[in-house]
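Below: the structure, in C-alpha cells.
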Amino acid sequence: MAIIVNLDVMMAKRKISSNELAEKIGITAANLSILKTGKAKAVRFSTLDKICEVLECQPGDILEHV
Amino acid sequence: MVNELTGWSEMKSLKLSRFLVIGLFFLLIVILFTAHIIAEWFGIISVGKGLIRGGLVAAVTAMIYICDIFAIIAVYHLHKLLSNIAKNEVFTAQNSRCLRIISWCIVFAGITFIIFSLWRFEFMFAAFFAMFLGLVMRVLKNVFEKAVELKSENDFTI
C-alpha cells in the first residue's frame, strides 16, 4: 500500500510521548504502535479526528501517499 | 452468557462437547481393537448383495480399520478446535486448517465406503452421507476462512 503514516514526525514536533498520546486519543499503546509501524489496515475517522485534535494538525500532516 | 430458562451457559456447553469428543475418542479406540469381532458379526447377519462374493469379513475388517483411523484424526482435530475455542481463539488460521483436515477425513472415509460397496451395496448409503457431511464441513471451512480474514481486518483497524 502506498500510504505512509508519519505520526512519529508530528509527535516529535509536538514533543508528546506514545503513551501520553495513546491516553489522550483513548486507544491502547499497542494499537498506537500498530498505527505507527504501518501495520494498520484502516484508520477510523473518529480516531483520526482525535489524533488531529490532540496534535493540532491536519490529516495530511500524518498521512502521506507515495 | 447464561440462558435464563435452562441455566445452560456457553462454558458448560463447551465442556459437554469436549466430554463427548473424548468419549468418542475412547469408543474409536475400542472399535480399533475389536474390528475383527465387529466384522465377523457383520458377516453373520449381513444378507445383502455385492459384486464380490468372497472375503467379506476381511474386507469389512480392513474398512473399519481405515475409517477408524480417519475418524481418530478427525476427532483429534475436533478436540484441538474445542481447546482453541475454550482459549477464546476462535477465528484463527489454525482452526480453519483443523476444519479442512476434518472435511478431507470425511471425504476419504466416503471414498473408502465406495470402494467397499463392491462387497455390499449398502455401503453406498454410508458413502453418500459421508460425502454430504464432507461437503458441509468444506463449506463451513470456507466460511471460517472468510471470517478469519474479516477478523484480521477488524483487528488492524485502529
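The values are calculated or read from the model by the stated rules, or taken from the named source; none is laboratory data. Everything numeric in this text was worked out from a predicted model, so none of it was measured. Here Cβ is always computed from backbone atoms with ideal geometry, including for glycine, and neighbour counts include all displayed protein chains. We work out accessible area using only protein heavy atoms, side chains counted, and drop any ligands, DNA or RNA first. Shrake-Rupley method; radii C 1.70, N 1.55, O 1.52, S 1.80 Å.
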Original post:
If one computes the Cα centroid of chain A and of segment B:92-114, what distance in Å separates the two points?
Top reply: 44 Å
Original post:
Got a number for carbon plus sulfur as a percent of segment A:3-65's accessible area, 1.4 Å probe?
Top reply: 52 percent
**OP:** Using Cα pairs closer than 8 Å and at least 6 residues apart in sequence, work out the relative contact order for segment A:3-65, in percent.
**Re:** 55 percent
Original post:
Given R₀ = 41 Å, FRET efficiency for B:ILE38-B:ALA93 by Cβ-Cβ distance, to 0.05?
Top reply: 0.60
Original post:
Taking 0.36 nm per residue of separation and subtracting the Cα-Cα distance, what length does fully extending B:LEU27 through B:ALA62 add?
Top reply: 10.8 nm
Original post:
About its Cα centre, what dipole magnitude does segment B:52-137 give when the only charges are +1 on Lys and Arg Cβ and -1 on Asp and Glu Cβ, stated in debye to the nearest 20?
Top reply: 100 debye
Original post:
Projected onto the charge dipole of the protein assembly as shown (+1 at Lys/Arg Cβ, -1 at Asp/Glu Cβ, origin at the Cα centre), which of A:ALA42, A:ILE25, B:ILE38 gives the Cα projection farthest towards the positive end?
Top reply: B:ILE38
**OP:** Label chain B by shape, choosing from rounded, prolate and oblate, from the square roots a ≥ b ≥ c of the eigenvalues of the Cα gyration tensor; if a/c is under 1.5 it is rounded, and otherwise prolate applies when a/b is larger than b/c, oblate when it is not.
**Re:** prolate
Original post:
Which whole DSSP H helices in chain B pass both tests: a Cα extent of 27 Å or more along the axis and a mean Kyte-Doolittle value no lower than -0.5?
Top reply: B:10-33, B:56-86, B:93-116, B:123-155
**OP:** Note down the magnitude of the dipole of chain A about its Cα centre, charges +1 on Lys and Arg C-beta and -1 on Asp and Glu C-beta and zero elsewhere, to the nearest 20 debye.
**Re:** 180 debye
**OP:** With a cut-off of at most 12 other beta carbons within 10 Å, and DSSP calling the residue loop, which GluC sites (Glu not before Pro) in chain A qualify? Please list them.
**Re:** A:GLU56
Original post:
Label B:LEU20 and A:SER17 with points 7 Å out from Cα along Cα→Cβ: what is the distance between them in nm?
Top reply: 5.3 nm
Original post:
Nearest 100 Å², what total accessible surface is buried between chain B and chain A (probe 1.4 Å)?
Top reply: 800 Å²
Original post:
According to a simple spin-label model (label point 7 Å from Cα along Cα-to-Cβ), what is the distance in nm between A:GLU64 and A:ILE3?
Top reply: 1.6 nm
**OP:** Return the FRET efficiency for the residue pair B:LYS80, B:LEU140: r is the Cβ-Cβ distance, R0 is 22 Å, and the value is rounded to the nearest 0.05.
**Re:** 0.90
Subject >> Among B:VAL107, B:PHE123, B:SER17 the positive-end extreme of the charge dipole of the protein assembly as shown (Cβ point charges) >> reply: B:PHE123
Subject >> Accessible area per residue, Å², chain B with all protein chains present, probe 1.4 Å >> reply: 64 Å²
**OP:** Using a 1.4 Å probe on the heavy atoms of the protein chains only, list every residue of segment A:25-47 that has 50 Å² or more less accessible area in the complete assembly than in its chain alone.
**Re:** A:LYS41, A:ARG44
Original post:
Under unit Cβ charges (Lys, Arg +1; Asp, Glu -1), what dipole magnitude, rounded to 20 debye, does chain B have relative to its Cα centre?
Top reply: 220 debye
Original post:
Rounded to two decimals, what is Rg over Rh for segment B:72-151 when you use alpha-carbon atoms and the Kirkwood radius?
Top reply: 1.10
